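See below for the structure under consideration.
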Amino acid sequence: MKTKKISIVLLENISFEELILKIEKAFNVFLSVKNEKGRFVSKFDTEKFKVKVIDRYDDLDEILCDDYHTLELTFTNKESFDYITNENLIKEILKNNIKWEYGIWSPIEIGDPYRKVFPNKETEIFYRTPI
């Protein structure tokens, strides 16, 4: 069984509490929020994937804060994985509800390509150069 994860940069310049209300509406769920190591986090499972919403602020230190809230979706597949179908599903769920800049699929193996997904343009496929 392989796991695929996409991390999505959200453009919502609102509090985490307000963001959670928008996520609840987009996914039609009720969410609880926990503080995990200084960050507010909310998690839930759908039929197709697991969802994790991460606050941009970190209680531990201002230097640990991010510029944006993050939405992580994790897919676990027993069979082949269709990136395009799942990217279209993500776009449909977030459309009209959540503003986002892009999402990046984590590669499975070292050397595998990255996929950068955008709300309104084609997916970019790229490789990172080794350090």
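Please treat every number below as a calculation from the coordinates, not as lab data. Here the structure is a predicted model, which means the values were calculated and not measured. Counting neighbours? That spans all protein chains shown, and the Cβs are built from the backbone with ideal geometry, glycine included.
Could you work out the Kirkwood radius for the range 36-89, taking every pair of different alpha carbons, averaging 1/r and inverting it, reported in Å?
Details: mean 1/r = 0.0770 Å⁻¹.
Computed over Cα pairs of the range 36-89, the Kirkwood hydrodynamic radius comes out at 13.0 Å.
Report the percentage of all Cα-Cα pairs in the chain whose separation exceeds 24 Å, rounded to a whole percent. Each step should come with its number before you reach the end.
On the way: 2673 of 8515 pairs.
The answer is 31 percent, as a whole percent.
Could you tally the net charge around ASN120, taking each other residue with its Cβ under 12 Å from the Cβ of ASN120, Lys/Arg +1 and Asp/Glu -1? The partial results should precede the final answer.
On the way: positive: LYS91, LYS95, LYS99, LYS121; negative: GLU101, GLU122.
Spelling it out: positives minus negatives among the neighbours equals +2.
If a paramagnetic tag sat 7 Å from the Cα of PHE118 along the Cα-Cβ line, which residues of the range 1-24 would have the backbone N under 17 Å from that point?
Hits in the range 1-24 for PHE118 at 17 Å: 8-11.
Would you work out the relative contact order for the chain, in percent, from Cα pairs under 8 angstrom that are 6 or more residues apart? Please report the intermediate quantities before stating the final value.
Values: 221 pairs, mean separation 39.7, N = 131.
RCO, the chain: 30 percent.
Starting from the Cα of LYS37, draw a straight line to each of the lysines and keep only those under 16 Å, dropping any in the same chain fewer than 8 residues away.
LYS52
Can you tell me the orientation of helix 83-94 relative to the chain, as the angle in degrees between its alpha-carbon axis and the longest Cα principal axis, to the nearest 10?
The angle comes out near 20 degrees.
Using a 10 Å cut-off around each Cβ, can you sort VAL117, VAL51 from fewest to most neighbouring Cβ atoms? Intermediate values should be presented prior to the final figure.
Numbers: VAL117 22, VAL51 18.
The fewest-first ordering by Cβ neighbours comes to VAL51, VAL117.
Could you size up the charge dipole of the chain around its Cα centre, putting +1 on the beta carbon of Lys and Arg and -1 on that of Asp and Glu, and report it in debye to the nearest 20?
On the way: 21 positive and 24 negative charges, 88 e Å.
Using only the charged Cβ atoms, the result is roughly 420 debye.
When a/c reaches 1.5 or more, the comparison of a/b and b/c decides; with that in mind, is the range 75-131 rounded, prolate or oblate per its Cα gyration tensor? Let's see the in-between values first.
Details: a/c = 2.53, a/b = 1.38, b/c = 1.83.
Oblate, because a/c is 1.5 or more while a/b does not exceed b/c.
Within the range 30-50, whose backbone N sits under 11 Å from a point 7 Å along Cα→Cβ of THR3?
Under 11 Å, as judged by backbone N against the label point of THR3, lie 50 of the range 30-50.
Which listed residue (TYR83, TRP100, PRO119) has the Cα farthest towards the positive end of the charge dipole for the chain, taking +1 on Lys and Arg C-beta and -1 on Asp and Glu C-beta about the Cα centre?
Positive-most Cα among the choices belongs to TYR83.
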